[in-house]
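Trainee: Got a structure for you, questions after.
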Amino acid sequence: MDALTKLVADINGVLWGVYGLIPILVGAGIYFTLRLNFVQLRRFGRAVKYTFSGITLNGEKAGSEGMSSFQSLATAIAAQVGTGNLAGAATAIAMGGPGAIFWMWIAAFFGMATIFVEAVLAQVYKSTDDQGNVIGGPAYYISKGLGNKPLAAFFAVSIIIALGFIGNMVQANSIAGAFDTAFGVPPLAVGAVVAGFVAFIFIGGMSRIASCTEKLVPLMALLYLGGGFVVVLTNLDQLLPAFKMIFVGAFDPAAATGGVVGAGIKEAMRYGVARGLFSNEAGMGSTPHAHAVAKVKHPAQQGFVAIMGVFVDTFIVLNMTAFVIFMTGALDGQTTGIALTQKAFTLGLGEHGNSFVAICLFFFATSTIISWCFFGEQNVKYLFGSKAVRTYRVLVIHFLVLGALLQVNLVWELADLFNGLMVLPNIVALVALFKMVSAALKEYDVDVLGKMK
């Protein structure tokens, strides 16, 4: 087992390294940014308008024709805002220093263009399943757009394993660990509660998923940001020093922390970009499943909305974790992961900080599980049809309970591996089908903006 774990870890070191997916994903983001004339800046106002004009905690019921644009965004954000915003950000800071946050910002900025491309293609090539329900995602734009069914099948298998099974085990394990530390609750009990809640939502289909995410995402974000703002406001004198740590640390990590974190520029860049991409999921091929089922008048409209998903994930939620860590002085060069985040909030909120993080992690990770289950289901339908969905759901529930009980390093490494494998066919499709996105944006400018003038 140890030998296999080391082998997978070595593969991940290359796959997610500075010569692997990092330059591929960031390079794709730069390419799309330039080709679309900085769409994430030029159309940010429209992204805000489309997003916030549709916010509701009790929107229209989703059905066979899909869900509302905001419900789709909420489902996407539920996947994006997860343990990566609490544990991933802390790990990047601990391993790469404060400068890792700067490189997270860079990755997110270009990722906003990538996710625009993903969402537009998901809309253009969405289809219906064998029961007449709208469906879509990379497997569909790879098979219909590229005409490459083997590559689409490879993606579908990778994401079912990466998110539906292994990824959800990791999420359940994170929840169980946090509740065990904060409240002493047995992992089996936590796993059973999570599995039961997810089963209730999951079995209700798209309608119940949309209804859950549109309520859960805004509420959990407000809860976490509210707690974070309390810490920031009580340590306001440390705000400018925190910014200084980030910008100095991006190019001189040792100077930013006085040598507390022994990282160089390479480590700051590697951990910042890798953890940032893992958090916002731009280019990974996961969130297009949510954006594909949005009921919008034009594909570009959902592309603008998708931009806000990355913005909320990185520039709002993940930043809150980072600033709480910096402003409370929690960074010590030894504590990492969720323990570092818990330490920071305990310093900021007192004895309740540990419990606060555990509760937030429960909501963040559970919402991610719901979305990931949904994404995996779309690919089960693509490969095997709707009849296989019931079996998939049963397997997912069992994997959740198992994940809460086991903390096997191999599981974590396999999650990273299959996450990486699903990126490759998706990026190929995004670049190859880019002309469709460019045409859709031009069509939007003529048909929609032209009529508004």
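The values are calculated or read from the model by the stated rules, or taken from the named source; none is laboratory data. Please read all numbers here as calculations on a predicted model, not as lab measurements. Cβ: placed from backbone, ideal geometry, glycine included. Neighbour counts: every protein chain shown. The protein model used for the area step is the full one, side chains on, heavy atoms only, and it has no ligands, DNA or RNA in it. Shrake-Rupley method; radii C 1.70, N 1.55, O 1.52, S 1.80 Å.
Trainee: In whole percent, what relative contact order does the chain give with Cα contacts below 8 Å and a gap of six or more residues? Don't jump to the answer; show the numbers that get you there.
Mentor: Working: 842 pairs, mean separation 160.5, N = 453.
Worked out over the chain, it gives 35 percent.
Trainee: For residue 381, go through the aspartates and glutamates and keep the ones whose alpha-carbon is under 14 Å away, minus same-chain ones fewer than eight residues off.
Mentor: 129, 130
Trainee: Efficiency by 1/(1 + (r/R0)^6): what FRET value for residue 149 and residue 316, r their Cβ-Cβ distance, R0 = 56 Å, to the nearest 0.05? Mind showing how you got there, number by number?
Mentor: Numbers: r = 39 Å, r/R0 = 0.70.
After rounding to 0.05, the efficiency reads 0.90.
Trainee: I'd like to check one number: the per residue accessible area of the stretch 310-384, probe 1.4 Å, reported in Å² as a whole number.
Mentor: Numbers: 2120 Å² over 75 residues.
On a per-residue basis, the stretch 310-384 sits at 28 Å².
Trainee: Mind listing the Cα extents of the stretch 9-98 along all three principal axes, in Å, largest one first?
Mentor: 47, 32, 30
Trainee: Can you give the convex hull volume per residue for the Cα atoms of the stretch 356-453, as a whole number of Å³? Kindly include the intermediate steps, with their values, before the conclusion.
Mentor: Working: hull volume 18.6 nm³, N = 98.
Per residue, the Cα convex hull of the stretch 356-453 comes to 189 Å³.
Trainee: Another one. Given q = 0.10, 0.14, 0.18, 0.23 Å⁻¹, what are the Debye log10 I(q)/I(0) values for the stretch 50-149, with equal point scatterers placed on the Cα positions and solvent ignored?
Mentor: For the requested q values the scattering log ratios are -0.42, -0.76, -1.03, -1.23.
Trainee: May I ask you to derive the FRET efficiency for residue 24 and residue 48 from their Cβ-Cβ distance with R0 = 35 Å, giving the value to the nearest 0.05?
Mentor: 0.75
Trainee: Using a basic spin-label model with each label point 7 Å from the Cα along Cα→Cβ, how many nm lie between residue 34 and residue 391?
Mentor: Once both label points are built, they end up 4.7 nm from each other.
Trainee: Using Cα centres only, tell me the gap between the stretch 303-367 and the stretch 75-109 in whole Å.
Mentor: 10
Trainee: For each pair in 149/297; 6/343; 61/126, compute the distance between the two Cα atoms and list the pairs where it is over 25 Å. Before the final figure, lay out the partial values.
Mentor: Working: 149/297 28 Å; 6/343 30 Å; 61/126 20 Å.
Correct reply: 149/297; 6/343.
Trainee: If you don't mind, another one. What number, in percent, do you get for the relative contact order of the stretch 309-440 if the mean sequence gap of Cα pairs under 8 Å and at least 6 apart is divided by its residue count?
Mentor: 10
Trainee: Using the beta-carbon distance between residue 57 and residue 229 and R0 = 30 Å, what value does 1/(1 + (r/R0)^6) give for FRET efficiency, to the nearest 0.05? Display every interim value, and only then the final one.
Mentor: Numbers: r = 21 Å, r/R0 = 0.70.
Efficiency for this residue pair is about 0.90.
Trainee: Now for a separate question. So for the chain, what percent of the C-alpha to C-alpha distances run longer than 44 Å?
Mentor: Numbers: 6598 of 102378 pairs.
The share of Cα pairs beyond 44 Å in the chain comes to 6 percent.
Trainee: Given a 1.4 angstrom probe, what's the average accessible area per residue across the stretch 148-188, in square angstrom? Let's see the in-between values first.
Mentor: On the way: 1440 Å² over 41 residues.
Value for the stretch 148-188: 35 Å² per residue.
Trainee: Please compute the modelled spin-label separation between residue 247 and residue 14, points set 7 Å along Cα→Cβ, answer in nm with one decimal.
Mentor: If labels sit at residue 14 and residue 247, their model points lie 4.0 nm apart.
Trainee: What are the DSSP H helices in the chain that stretch 24 Å or more along their long axis, judged by alpha-carbon atoms, and whose average Kyte-Doolittle hydropathy comes to at least 1.6?
Mentor: Details: long enough: 99-124 (38 Å, 1.75); 205-234 (43 Å, 1.25); 353-384 (45 Å, 1.03); 389-405 (25 Å, 1.56); 409-432 (36 Å, 1.41).
Span-like helices here: 99-124.
Trainee: Can you give the local net charge around residue 11? Use residues other than it whose beta-carbon is closer than 11 angstrom to its beta-carbon, Lys and Arg +1, Asp and Glu -1.
Mentor: Working: positive: 6; negative: 10, 413, 416.
Here the charged neighbours net out to -2.
Trainee: Please report, in debye to the nearest 20, how large the charge dipole of the chain is about its Cα centre when each Lys and Arg carries +1 at its beta carbon and each Asp and Glu carries -1 there.
Mentor: Details: 27 positive and 22 negative charges, 259 e Å.
Using only the charged Cβ atoms, the result is roughly 1240 debye.
Trainee: Still on this structure, I have one more. Carbon and sulfur: what percent of the stretch 170-325's accessible surface (1.4 Å probe)?
Mentor: Working: 3930 of 5560 Å².
Here carbon and sulfur together make up 71 percent of the probe-accessible area.
Trainee: Roughly what % of Cα-Cα distances in the stretch 200-302 sit above 23 Å, to the whole percent? Let's see the in-between values first.
Mentor: Working: 2984 of 5253 pairs.
When all Cα pairs of the stretch 200-302 are counted, 57 percent exceed 23 Å.
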